[in-house]
Amino acid sequence: YALLALPMAELIRGAAAHGRGRWRLATAGAVAAVLAVQAGGQQLVLAHMVRTQHLARRDYTAITGQLRYLGVRTPCTLSGEQAPVLAFYAGCRSLQIAGNDTSASLEHLLAQTMVTRVAVVEHVNPRPAYARGWPRYAFTTPNGRHWRVYLPPEPPAAPRT
């Protein structure tokens with residue numbers, strides 16, 4: 001849009017300035033119609049995005065509540081689907097071992113199980129291979145999405161002070 005805005009504005013200005021009589025009126029009407037259609041389309045996209053974000057936030061709140069119920073509280077580490085966002089809501093940190101936001105190795109993530117409460121949250125993906133022996137907790141969010149949480153069998157020892 002930004003790249004086309006100036007050339008289109010110049011084209012419209014030129015058409016309006018050089019048009020005579022009915023052509024000038026037709027150009028102004030066409031420009032008004034195109035702008036109205038564009039604004040309407042943007043409003044539809046905005047309404048869809050707001051609805052989607054509202055539903056996602058309801059899910060994030062429900063997932064965070066389930067994590068707290070399962071004993072995942074600060075200090076904690078989350079991994080899996082939507083881990084960065086969920087970690088923000090839960091007050092945890094996020095460690096990803098795969099994907100476009102990889103932030104740790106598998107060894108580093110597994111080492112965290114000795115220091116902090118670790119949870120792997122999945123929606124679509126299958127159980128990670130490293131979590132094969134971990135208990136699985138399943139629940140459904142208010143929006144009807146099925147999630148699974150995998151927790152290491154033993155919670156970490158209390159931190160030494």
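The values are calculated or read from the model by the stated rules, or taken from the named source; none is laboratory data. This one's a predicted model, so the numbers in the text were calculated from it and none came from an experiment. Here the Cβ positions follow ideal geometry from the backbone for every residue, glycine too, while neighbour counts run over all protein chains shown. Please note that ligands, DNA and RNA were not included when accessible areas were found on the heavy atoms of the full protein model with its side chains. Shrake-Rupley method; radii C 1.70, N 1.55, O 1.52, S 1.80 Å.
Each row is one residue, and each column tells you yes or no for (1) closer than 28 Å to Glu154 by Cβ; (2) at pLDDT 90 or above; (3) open to solvent by 60 Å² or more (accessible area, probe 1.4 Å).
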residue	(1), (2), (3)
Gly29	no, no, no
Val34	no, no, yes
Leu55	no, yes, yes
Gly71	yes, yes, no
Thr77	yes, yes, no
Glu81	yes, no, no
Leu95	yes, yes, no
Arg136	yes, yes, yes
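A single entry from Ala28, Ala83 fulfils the requirement of being without any contact (Cβ under 8 Å) to a residue 60 or more places away in the chain, among the small types (Gly, Ala, Ser) and touching a strand residue (DSSP E or B) at 6+ places or on another chain (Cβ under 6 Å): Ala83. Consider the stretch 57-69 and keep the residues that are surrounded by fewer than 15 Cβ atoms within 10 Å (Cβ to Cβ) and free of Cβ contacts under 8 Å to residues at least 60 places away in the same chain. The one that is nearest to Arg117 (Cα to Cα) is Arg68. Among the residues of the stretch 97-112, the one identified as of a type outside the set (A, V, I, L, M, F, W, C) and either touching a Lys or Arg at 6+ places or on another chain (Cβ under 8 Å) or buried (at least 18 other Cβ atoms within 10 Å of the Cβ) (or both) is Gln112. In this structure, Ala158 does not qualify as closer than 30 Å to Arg51 by Cβ, of a type in the set (A, V, I, L, M) and either modelled with pLDDT under 90 or surrounded by fewer than 19 Cβ atoms within 10 Å (Cβ to Cβ) (or both).
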